[in-house]
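Data block below; observations after.
The values are calculated or read from the model by the stated rules, or taken from the named source; none is laboratory data. Just so we're clear, the structure is a prediction, and the values are computed from it rather than from any experiment. When we count neighbours, we look across all protein chains shown, and the Cβ atoms used for this are built from the backbone with ideal geometry, even at glycine. Side chains are part of the model used for accessible areas, which takes the heavy atoms of the whole protein and leaves out ligands, DNA and RNA. Shrake-Rupley method; radii C 1.70, N 1.55, O 1.52, S 1.80 Å.
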Amino acid sequence: MKTSLRSGSSCLSLTPVTSTRLKLPAAIALGSLLALSLSGCGGGGGESTMLAGGASSSVNAGSTINAVNDAGTGVGAGSAQPASSNASPAAAAQPAAVAPVAAVPATTLAALSVPVNVANDSTVLLECGRGYEGTLNLAGKSNVTVKTNGSCGMATLTAGQNVTGWRQESGNVYSAAVSFAPDQVIVDGSPVSLAHWPNSAAALATPTGTSASTIRANLPNGDLVGANVVYRSTNWSYDSRPITGYASGTMTVGARPSDSFDGYDPSGTGSFYVEGKLWMLDTAGEWAYSNGRLYLWAPDGQSPEGRVYASAAKHAIEASNSSGITIDGVKIYGVATAVNAPGATRLSMLNSQVVNASDNGIANAGGSGLTVNATLFQNIRHDAIGINWGGGGESIQNSRFENIGTVGMPTNSRAAVNITDGVGSKVINNTVVNAGYNALWVFRGATVANNTVDGACRVLSDCGGIYMMGRDQQPLNTVVSNNVVKNVGQGQQWAWAIYLDDSSNSVTVSGNTITDNAAGMQIHNGFNNVISGNTFARNAQNHIFMNENPGYAIRGIQVTGNSFSMATGQAYQLGADGNNPATAFGSYSKNSYVSSVASFADLGWGNSVTWAQWRSQTGQDGDSTFRAQ
């Protein structure tokens, strides 16, 4: 049983001998920070003890770690951060967006150490408004709650610190001494890019040859060993490899650095960039690390003093193979992955914020039962929620996802919310803004309802705002209803608001508003799906695309009661290369069409037909209406 520890109980308090001095950015600093004092208090009829070893602390089962200062006051008391970044959102409402903060406070604050040796069935109370540096290790633990204590603002977990003492090197480039190799550099609250060549994502380098372990190209500088090469491996993937050698115009590469990449080797890649060397730092908004110094060209070209926060490649919470961990009302800022939890079950993140993660928000591959509610994820390099395999019973609700997979130069991302194989997930009442690849990826038995997707497929293609696939051809029994999906894949050739890929079947798509996307919806080799009561408008290429590959048969698609407004794209593009002709893909009834384009549909590749021809050749839409504009 968990016990709640209250005043009046017996307490054991200690203050660490040493602490790291730290200035937190205004985006995460609130109130005063003093040296850490931990109090373990036994309440009721029970007994609680706290064990200490030097500057560390531990807590026994059934107890609460309460991190408070000695006197309740301190340097900078009374200072505050913006309300939008401070308040814990209500459980039934989405958290507000957090705007980047222009500067860090002048007050020097103490970084508090995270508790160690946390026992099962215990509660870790982090003092409101405090910052804690390090990784909270909950690997293998069960039934532990980590929460903010008090109402003065979220406690913050971080892997970073402010960088001061800058000197001008040359032109707009400044440098400062740092005690660790940075993994992420944040200026005025927003991450900036690791130095790279070429400079533009729109004009990547082209190799002269590739193999499984090499990329041939003539680069402007031969200092490449220790850098990374990032290459476009497929339409839907970027991969990264460390460069282990460079000679005679050939880069030799090592193994993929993490599971955030798909692991395609570089053979056949058509474009790439390299990153991570000082010679590559040649434009605004870039940084590099060399010989104990951080080099930076700030986005505005001005001095970085008082504006820079750098973080190491460390997670905020390590919760692998844990069970029943709850994070409630906590801010995580400037880390690699906020909660690294492969194999974890019944993990919950509630009323919290994850801002500026150089890897992922929550990594829960192989786990199950993840709950996320009323939580903000902002500026995440890869996936905000990553369940690449395993999973089941997830509940992702009332949360907001901003700039997921779109931070810096192009990189790999699977989805803002990625539940590749999880069964029975509920993804409800969330907002996704600006995703690099898919916004929401679900699987079997899922409910995807009342979400807003505003921008996806920003970096990669062959993707969707809402995506699923059914390669085993078993019924998905998934419902996608009452979502708003807009601005997906603008400028992309292969991007859809809703994408039923790879034999997805037994899916109901109803009541959605699908507007201003590159294309509205794709059914790829799917069957027995219901498309009803949706509104399609201003999708550039087409509203519904059905694509049948050789050996497959699209069939049993019911398109009924939908509203279509065509300004540029066709209502349908039906491509048949398989076992069924396009005229046999499904049934169409009770739809309403308003069109200002001459071609109503493509009925087979390149067979453009008018509204009258569509009805005569398919025998469908007899009870539907059509109005030309």
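For the reader, a short list of remarks on this structure follows.
- Residues located in segment 390-436, provided they are within 18 Å of Gly489 (Cβ to Cβ), in a loop (DSSP other than H, G, I, E, B) and touching a residue at least 40 places away in the same chain (Cβ under 8 Å): Gly405, Thr406, Pro410, Thr411, Asn412, Ser413
- Some residue of segment 149-163 being open to solvent by less than 20 Å² (accessible area, probe 1.4 Å), among the β-branched types (Val, Ile, Thr), closer than 21 Å to Gly334 by Cα and out of contact with any Asp or Glu (no Cβ under 8 Å at 6 or more places or on another chain): yes
- Ile387 over 25 Å from Asp121 (Cα atoms) and either in contact (Cβ under 8 Å) with a residue 40 or more places away in the chain or open to solvent by less than 10 Å² (accessible area, probe 1.4 Å) (or both): yes
- Conditions (1) part of a strand (DSSP E or B); (2) farther than 30 Å from Ala298 by Cα: number failed by Ala212: (1)
- Residue check, Ser151 assigned to a strand (DSSP E or B) and modelled with pLDDT of 95 or more: no
- Restricting attention to segment 214-271, the residues that are closer than 19 Å to Ala195 by Cβ, among the β-branched types (Val, Ile, Thr) and open to solvent by 60 Å² or more (accessible area, probe 1.4 Å) add up to 1.
- Scan of segment 524-541 for residues that are in a loop (DSSP other than H, G, I, E, B), open to solvent by 30 Å² or more (accessible area, probe 1.4 Å) and not aliphatic (A, V, I, L, M), ordered by number: Asn528, Gly533, Arg538, Gln541
- The residues on offer are Asn562, Asn487, and the sole one that is open to solvent by less than 10 Å² (accessible area, probe 1.4 Å) and among the polar types (S, T, N, Q) is Asn562.
- Some residue of segment 367-374 being under 20 Å from Val459 (Cβ atoms), of a type outside the set (Lys, Arg) and open to solvent by less than 20 Å² (accessible area, probe 1.4 Å): no
- In segment 205-220, the count of residues that are closer than 24 Å to Cys457 by Cβ, within 29 Å of the chain's Cα centre (by Cα), aliphatic (A, V, I, L, M) and at pLDDT 95 or above is one or more.
- Qualifying residue in segment 592-609 (condition: farther than 22 Å from Trp496 by Cβ and at pLDDT below 95): yes
- When Tyr588 is tested against (1) outside any loop (DSSP other than H, G, I, E, B); (2) within 32 Å of the chain's Cα centre (by Cα), exactly one condition is not met: (2).
- Residue count for segment 498-523 under the criterion of being assigned to a loop (DSSP other than H, G, I, E, B) and not aliphatic (A, V, I, L, M): the result is 9.
- Answer from Ala415, Ala446, Ala439 - the residue that is within 18 Å of Gln94 (Cα to Cα) and either crowded, with 20+ Cβ neighbours inside 10 Å or small (Gly, Ala, Ser) (or both): Ala439
- Residues of segment 451-484 satisfying the condition of being on the phi < 0 side of the Ramachandran plot, among the small types (Gly, Ala, Ser) and either over 18 Å from the mean Cα position of the chain (by Cα) or assigned to a strand (DSSP E or B) (or both): Ala456, Gly464, Gly465, Gly470, Ser481
- Sole exception among (1) more than 23 Å from Gly408 (Cβ to Cβ); (2) out of contact with any strand residue (DSSP E or B) (no Cβ under 6 Å at 6 or more places or on another chain); (3) of a type outside the set (Asp, Glu) for Gln302, by number: (1)
- Checking Val448 against (1) under 25 Å from Ile332 (Cα atoms); (2) part of a strand (DSSP E or B), the condition it does not meet: (1)
- Positions within segment 184-209 being in a loop (DSSP other than H, G, I, E, B) and farther than 30 Å from Thr337 by Cα, in sequence order: Thr206, Pro207, Thr208
- Top-ranked residue in segment 579-611 [being aliphatic (A, V, I, L, M) and open to solvent by less than 70 Å² (accessible area, probe 1.4 Å); ranked as nearest to Asn534 (Cα to Cα)]: Val594
- Taking the conditions (1) over 29 Å from Glu275 (Cβ atoms); (2) assigned to a strand (DSSP E or B); (3) of a type in the set (Phe, Trp, Tyr) in turn, Phe443 satisfies each one other than (2).
- Checking each residue of segment 165-173 against the condition of being over 26 Å from Gly131 (Cα atoms), open to solvent by less than 20 Å² (accessible area, probe 1.4 Å) and touching a residue at least 12 places away in the same chain (Cβ under 8 Å) gives no match.
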